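Structure record follows, encoded as structure tokens.
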Amino acid sequence: MKADVFCTPKIYETTFFETPQFLAAYNIYPIIRGHSLIIPKRHAERITDLSAEELLSLKETLSIVIPKLLKAFDADSYNLSINAGEHAGMAINHLHLHIVPRSASDPLHGKLIEFYHTLNNDRSGYASDVKKEVARLRKVFKYTQSQTQL
Ligand SMILES: [Zn+2]
């Protein structure tokens, strides 16, 4: 199996929270501010590859991350999505859930169709804020260092 970036320590550069089985990391190409990922530490490609225990852990991870992420970005709504497979737009062949905080004032408001088109467009305009946003999220989550390195 070929190692993808989510199977390397590089993912810890943008990680802001972790549990024994999952990481929460800021997307390095956020479609809007706050766009983050939930990633299993164990290499799995599809959500259906997860065990029952991992699914329960995923649910618990989402229950911790989502409310804090929304608060950190002044959002009251979110999109939660998985692109499973190349033809669904999956760029890295390692399961990851996209969490996109949404609010009435965000640039995607009322534009769900454009939201999906945006997934395939240039997002570099938000990339310059990645380090700043990761630092802010690490503060929100009181995250100091990895407890379980890959
Ligand atoms: Zn992997």
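The one condition from (1) within 15 Å of the chain's Cα centre (by Cα); (2) more than 14 Å from H96 (Cβ to Cβ); (3) away from the ligand (no atom under 16 Å from the Cβ) that Y12 does not meet is (3). Under 16 Å from the mean Cα position of the chain (by Cα), closer than 18 Å to L108 by Cα, free of Cβ contacts under 8 Å to residues at least 40 places away in the same chain and surrounded by fewer than 17 Cβ atoms within 10 Å (Cβ to Cβ), is that true of L70? Taking the combined requirement at face value, the residue does not satisfy it.
Picking from R42, R123, which residue would you name as being surrounded by 12 or more Cβ atoms within 10 Å (Cβ to Cβ), over 21 Å from F141 (Cβ atoms), at pLDDT 95 or above and among the charged types (D, E, K, R)? Lay out the reasoning, then the answer.
Values: R123 fails: at pLDDT 95 or above.
After ruling out the rest, the residue left standing is R42.
Is it the case that some residue within the stretch 51-65 is at pLDDT 95 or above and either within 13 Å of the ligand (Cβ to nearest atom) or within 13 Å of L137 (Cβ to Cβ) (or both)? Scanning the stretch 51-65, I find at least one residue that is at pLDDT 95 or above and either within 13 Å of the ligand (Cβ to nearest atom) or within 13 Å of L137 (Cβ to Cβ) (or both), so the answer is yes.
For beta carbons closer than 6 Å, sequence separation of 6+ or different chains, a first residue in the stretch 73-91 that is crowded, with 16+ Cβ neighbours inside 10 Å and a second that is of a type in the set (S, T, N, Q) and in a loop (DSSP other than H, G, I, E, B), the qualifying pairs are A75/S103; M90/N83. Scanning the stretch 34-44 for any residue that is over 23 Å from G85 (Cβ atoms) and away from the ligand (no atom under 14 Å from the Cβ) turns up at least one such residue.
The combined condition, being over 14 Å from N27 (Cβ atoms), part of a loop (DSSP other than H, G, I, E, B) and modelled with pLDDT under 90, is not fulfilled by H117. Selection over the stretch 83-102 of residues that are within 15 Å of the ligand (Cβ to nearest atom), of a type in the set (A, V, I, L, M, F, W, C) and either under 12 Å from the mean Cα position of the chain (by Cα) or not in a loop (DSSP other than H, G, I, E, B) (or both) gives a count of 2.
The values are calculated or read from the model by the stated rules, or taken from the named source; none is laboratory data. A quick note: this is a predicted structure, and the numbers were derived from the prediction, not measured. Glycine also receives a Cβ, built like all others from the backbone with ideal geometry; neighbour counts cover every protein chain displayed.
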